[in-house]
Amino acid sequence: MGRMRRAALFDMDRTLLTTHTALLYTRDRRARGEVSVFELLRIVGWILRYSLGVIDAEKVARIALRDYRGTSEASLIETTEEWFERCVPHHVRRGAREAVERHRARGDVTAIVTSAAPYAARPLARLLGIEHVVSSELMLDASGRLTGDVVDPLCYGRGKVLRTQRLSEQIGFRIEDAAFYTDSITDLPLLEAVATPVAVWPDRRLSRLARQRGWRVEVW
C-alpha cells in the first residue's frame, strides 16, 4: 500500500489573490451599469464585516443571491469565465504560483478552499494548476437554475473543515497532516485542524495569533 499523499490547502480571496473576488466582480458589474452604487457599497460593507468575523455569513449569502434567483448556472459560469479572464489573473499574488509549484513538486494534493462559490475558484485552480476546489455550493432547481439558497454547510468557519473533510475522504489524505494557507482569522477552525497552519498577509488578529502560536507567516 502506497504512502498517503499530503495536502496543501489554499484560501482564495486575499491569499492566492490580492483582493476579494466578490468586490472585483461587483466593481466590474458597476462599471457596466449592471448594479447601483448602493449595491457596491453594500458588498464593501459585507467584506469588511466578513474580514472582522462579525457577520452572519449564511444570511448575507442568501441576501446576495436574491439577484441571481432564476439565473441558469450555465449562463453564470459563462459570464464568470469571461470576467475572470479579463479581470482576475493580474491579481494573483506573486508568491502564490511558487507556493503551489513547491507543493506540486513534492507530490502533494492541492486544493483551493474558499467560502466563495466555485465560479471564480475553478478558473483560478486551472490557472495555477491546482487539482481540487472546495467551496460554498449554490442550490439549483431541477432545470439547473439558482434558487437563491445555499447548500449546507456554507464553506465558512467550521463549514470549511467539514467540506475539506469530505474531500479528504474522497481522495485519501488526512487533514491532520495538511498545510493550510490563509489571510483570515475567520479560518481559525481549519488552521487549528491542520499540521502546518500558514498565515499569508494575515489580518491583524491572525497576525497576532500566529506570533503567539509560532505559526509560519509569509508575505507573497
Residue pairs meeting the criteria (Cβ under 9 Å; at least 6 apart or on separate chains; first free of Cβ contacts under 8 Å to residues at least 40 places away in the same chain, in region 1-24; second surrounded by fewer than 24 Cβ atoms within 10 Å (Cβ to Cβ) and part of a loop (DSSP other than H, G, I, E, B)): His20/Ala116
Look through region 23-77, keep the residues that are in a helix (DSSP H, G or I), acidic (Asp, Glu) and modelled with pLDDT of 75 or more, and return whichever of them is nearest to Thr114 (Cα to Cα). Glu73
Single condition Gly95 does not satisfy, out of (1) within 18 Å of Tyr181 (Cβ to Cβ); (2) assigned to a helix (DSSP H, G or I); (3) in contact with a Ser or Thr (Cβ under 6 Å, 6 or more places away or on another chain): (3)
Which numbered condition trips up Glu131, out of (1) crowded, with 19+ Cβ neighbours inside 10 Å; (2) under 15 Å from the mean Cα position of the chain (by Cα); (3) more than 26 Å from Ile47 (Cα to Cα); (4) acidic (Asp, Glu)? (1)
Any chance region 141-155 includes a residue that's closer than 24 Å to Trp215 by Cβ and in contact (Cβ under 8 Å) with a residue 12 or more places away in the chain? yes
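Table: residues versus (1) surrounded by fewer than 16 Cβ atoms within 10 Å (Cβ to Cβ); (2) acidic (Asp, Glu); (3) touching a Ser or Thr at 6+ places or on another chain (Cβ under 6 Å); (4) within 25 Å of Val60 (Cα to Cα).
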{"residue": "Val151", "(1), (2), (3), (4)": "yes, no, no, yes"}
{"residue": "Arg158", "(1), (2), (3), (4)": "yes, no, no, yes"}
{"residue": "Gln170", "(1), (2), (3), (4)": "yes, no, no, no"}
{"residue": "Phe173", "(1), (2), (3), (4)": "no, no, no, no"}
{"residue": "Ala179", "(1), (2), (3), (4)": "no, no, yes, no"}
{"residue": "Thr182", "(1), (2), (3), (4)": "no, no, yes, yes"}
Pick from region 105-117 the residues that are out of contact with any Lys or Arg (no Cβ under 8 Å at 6 or more places or on another chain) and modelled with pLDDT of 95 or more: which of them is nearest to Asp149 (Cα to Cα)? Thr114
When region 164-186 is examined, which residues are found to be farther than 15 Å from Arg5 by Cβ and in a helix (DSSP H, G or I)? Gln165, Arg166, Ile185, Thr186
If I filter region 41-56 for residues that are under 29 Å from Ser207 (Cα atoms) and of a type in the set (S, T, N, Q), do I get at least one hit? yes
Kindly indicate which of Asp187, Asp183, Asp141 is more than 29 Å from Pro89 (Cβ to Cβ) and either at pLDDT below 95 or among the charged types (D, E, K, R) (or both). Asp141
When region 98-133 is examined, which residues are found to be outside any loop (DSSP other than H, G, I, E, B), under 23 Å from Thr71 (Cβ atoms) and either without any contact (Cβ under 8 Å) to a residue 40 or more places away in the chain or not aliphatic (A, V, I, L, M) (or both)? Pro118, Tyr119, Arg122, Pro123, Ala125, Arg126, Val133
Being part of a helix (DSSP H, G or I), buried (at least 22 other Cβ atoms within 10 Å of the Cβ) and at negative phi, is that true of even one residue in region 191-210? yes
Among the residues of region 1-38 satisfying the criterion of being over 17 Å from Trp83 (Cα atoms) and aliphatic (A, V, I, L, M), which is surrounded by the fewest Cβ atoms within 10 Å (Cβ to Cβ)? Met1
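The values are calculated or read from the model by the stated rules, or taken from the named source; none is laboratory data. Remember, predicted model here, so these are calculated numbers, not experimental data. Don't worry about glycine lacking a Cβ; one is built from the backbone with ideal geometry, like all the others, and counts go over all protein chains shown.
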